[in-house]
Amino acid sequence: DVLDPERLIQCPLVKHHWIRARRFPYHLVKCKESNPEIAKKFATCPFNARHLVPQANLSDHIMKCNDKAFMEQDVVSRSCRPPQEQLNNGSTWQAPPCDEDWET
């Protein structure tokens, strides 16, 4: 099951590292710090920071990344909202006019 937090994932930096899915983001940070020379050869996917791919394969990964579809769908759904709904999300509050004159 892809959503199982207990499943084991192989580290892309050091192949003999196997990490539980729930700890994987933390492991990537530590493993990059511990292996800076290896980490230089990898790039992070702009759609999912858990995707580390070799620098040379990044553009191919971006074209095929499953998380890209989620991002594009989110952008489209936000841009297709009715204008009134967009107005309700931002604050349109204005201070009422003030008749007081503190100078007098």
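The values are calculated or read from the model by the stated rules, or taken from the named source; none is laboratory data. Worth saying up front: this structure is predicted, and the values here are computed from it rather than measured. Don't worry about glycine lacking a Cβ; one is built from the backbone with ideal geometry, like all the others, and counts go over all protein chains shown. Remember, those area values only see protein heavy atoms, side chains included, never the ligands or the DNA or RNA. Shrake-Rupley method; radii C 1.70, N 1.55, O 1.52, S 1.80 Å.
How much net charge surrounds residue 29 when only the other residues with a Cβ under 13 Å from the Cβ of residue 29 are counted, with Lys and Arg +1 and Asp and Glu -1?
Around residue 29, the charge tally is +3.
Can you put 68, 32, 40 in order of accessible area, largest first, using a 1.4 Å probe?
From most exposed to least exposed: 40, 32, 68.
If I ignore ligands, DNA and RNA and count only protein heavy atoms, how much of residue 8 is accessible to a 1.4 Å probe, in Å² to the nearest 10?
100 Å²
Show 7, 22 ordered by accessible area, largest first, where the area counts protein heavy atoms only and the probe is 1.4 Å.
Solvent-accessible surface, decreasing: 22, 7.
Quick one: ranking 29, 2 by accessible area, 1.4 Å probe, largest first, what do you get?
Listed by decreasing accessible area, they come as 2, 29.
Over all distinct Cα pairs, what is the inverse of the mean 1/r for segment 1-63, reported as the Kirkwood hydrodynamic radius in Å?
Radius from the Kirkwood sum: 12.2 Å.
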